[in-house]
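We did not get these values from a lab; they are worked out from the coordinates using the rules stated. Every value quoted in this text rests on a predicted model; they were computed, and no experiment measured them. Neighbour counts are summed over all protein chains in view; Cβ atoms, including those assigned to glycine, are modelled from backbone coordinates with ideal geometry.
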Amino acid sequence: MQRTGDASWKLRPALFFTLAVLFEVWFFRAAGALAHGNSFSIVVVLATGGPLAVLALLLFPEPALFAAPLFILVPVQALYLHAFQWVFLAALLAYGVRYLAEHPFDAHLRGIDLIFLLYLGWGLFSVSQAENLRVALFGIETPILFFLAFWVGSRIMGPARLSTLTRIYAWVVIGIGLEMLGVAMANHIPLRLIATEMGKFTDLGWGRSNYVAAVAALATAAVLPSAFQKGNPHRKLALAALVSAVFVTVASASRGGIVALLFSVILGLTLGRLNVVVTFLLLGGGVFLLFVSPFGQEHFLGPKGLPSIGARLLFFREAIRIALSHPWAGVGPDQIPFHTYFYMDANPHNIFLKQAADLGLVGLGLYLLLLGTVGRHLVRLYHAGHTDPDARFQFSILFLVFFTALVNASYEPTLEAPQYGFLYWLIVGTLIPARRGDEAT
């Protein structure tokens, strides 16, 4: 009996392995059929791949959370959620299941958590003002994702894992550059013509032109301190990300991306020294390059740039009109197109005007308070950085990310969009960690 039991026990791993291999073969065959248009194969794909994916998430929830930003590069969307959202939410659920099995739920909320929740609560209330309920519900879904990203950054990642997260961000930028290069090769564009022709082929499936360049600029801002810090073990990777970001902004012909990337690089070069004179000289040189030089005249104040600037001014004026006509509760998330005769989408190319129009003055006030709390933490890191090199490094990252995001979101629809906002709030949360016993901030 004992021998039979031992043989049965030894046989189980072999049977399990064989079953797993058969599931994998079945999964890949069904995936191939799905790629050729067999829609029923999606059932087989879910049935065979689903259990293995769940098992992997339960075994490795933290690596899956870290890998979620990389899935921004995957141009797949299902049930109105992008691939990175599915991975992030599934990994967060798996992490929650494992954590709650061993620990009590940490209900401690800081000031910034409460402000974020009040902001989301007001957004849910403003849904009642919507002309189109379906659009409004999808509109409030994105800020909820941002809160979850902030929560993961502050409670799961934290400064101890900052180095890993910045490496992930560097690979995101490099991946965007490789995707852009792949598009150029697929359209048979010679490398010498990328700067003039590539702007016509900027659809990467998950974003186009200015938005793709903006995402690259934001992720690069998070890795710039590593690129400019001598002796940093990840300096080469950060420099590769910077080169990739320059390529992306040039290839996509993104004026907004160039502005955000240029100013963040200038600040990154001078931030460690805090040389005010040099900083203003470099910023002045950047302004000259963008608006006075022949390059600037052609791309910003010439036939290419002026219509774009004029359109933004019209969007700003229309958003102000909508906000003033619905001053308190706003018109509801993503409802701007239902209140204007302009050819205008839900994003007026300015994050603050969008908040005012969508959520009214109360929503705008809560959003400004939320950003102000991040700014307050910046000040704390700055003062701590006088004696703590780690705090100084964290200050550099948070300052560049904060500055780049607000500059870019002042003239482009970035901070309110899924990929950009997810990357922003994830690293902001990582640099504003939560600890038991923290005082409200």
> Excluding residue 232 itself, what net charge comes from residues whose Cβ is under 15 Å from its Cβ, given Lys and Arg +1 and Asp and Glu -1?
Replying inline: +4
>> Can you compute 3J(HN,Hα) from phi for each residue in region 142-158, using the Karplus curve 6.51 cos²θ - 1.76 cosθ + 1.60 with θ = phi - 60°, rounded to whole Hz and x for Gly and Pro?
In response: 5, x, 5, 4, 4, 5, 5, 5, 4, 4, 5, x, 7, 10, 10, 7, x
>> Can you tally the net charge around residue 355? Count Lys and Arg as +1, Asp and Glu as -1, for every other residue whose Cβ sits under 13 Å from the Cβ of residue 355.
In response: -2
> Under a 5 Å amide H to amide H cut-off, with H placed in plane at 1.01 Å, what residues pair with residue 432 once short-range neighbours are removed?
Replying inline: none
> What ranking, highest mean first, results for peptides 351-357, 415-421, 132-138, 143-149 when packing means the other Cβ atoms within 10 Å averaged over each residue?
Replying inline: 351-357, 415-421, 143-149, 132-138
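Based on other C-beta atoms within 10 Å, arrange 414, 373 from fewest to most.
Lowest to highest Cβ neighbour count: 373, 414.
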> By the scheme Lys and Arg +1, Asp and Glu -1, what is the net charge of all other residues having a beta-carbon under 14 Å from that of residue 73?
Replying inline: -2
> In whole Å, what is the distance between the alpha-carbon centres of region 230-266 and region 70-126?
Replying inline: 29
> How would you order 316-324, 386-394, 240-248 from highest to lowest mean count of nearby Cβ atoms within 10 Å?
Replying inline: 240-248, 316-324, 386-394
>> I'd like the Karplus ³J(HN,Hα) series for region 424-433: coefficients 6.51, -1.76, 1.60, θ = phi - 60°, whole numbers in Hz, and an x wherever there's a Gly or Pro.
In response: 5, 6, 5, 7, 4, x, 4, 8, 10, x
>> Let's test the formula: R0 of 25 Å, r as the Cβ-Cβ distance of residue 81 and residue 235. What FRET efficiency results, to the nearest 0.05?
In response: 0.10
>> Can you compute 3J(HN,Hα) from phi for each residue in region 57-71, using the Karplus curve 6.51 cos²θ - 1.76 cosθ + 1.60 with θ = phi - 60°, rounded to whole Hz and x for Gly and Pro?
In response: 5, 5, 7, 10, x, 5, x, 5, 5, 5, 6, 3, x, 5, 6
> Listed highest first by mean packing, meaning other Cβ atoms within 10 Å per residue, what order do 218-228, 326-336 come in?
Replying inline: 218-228, 326-336
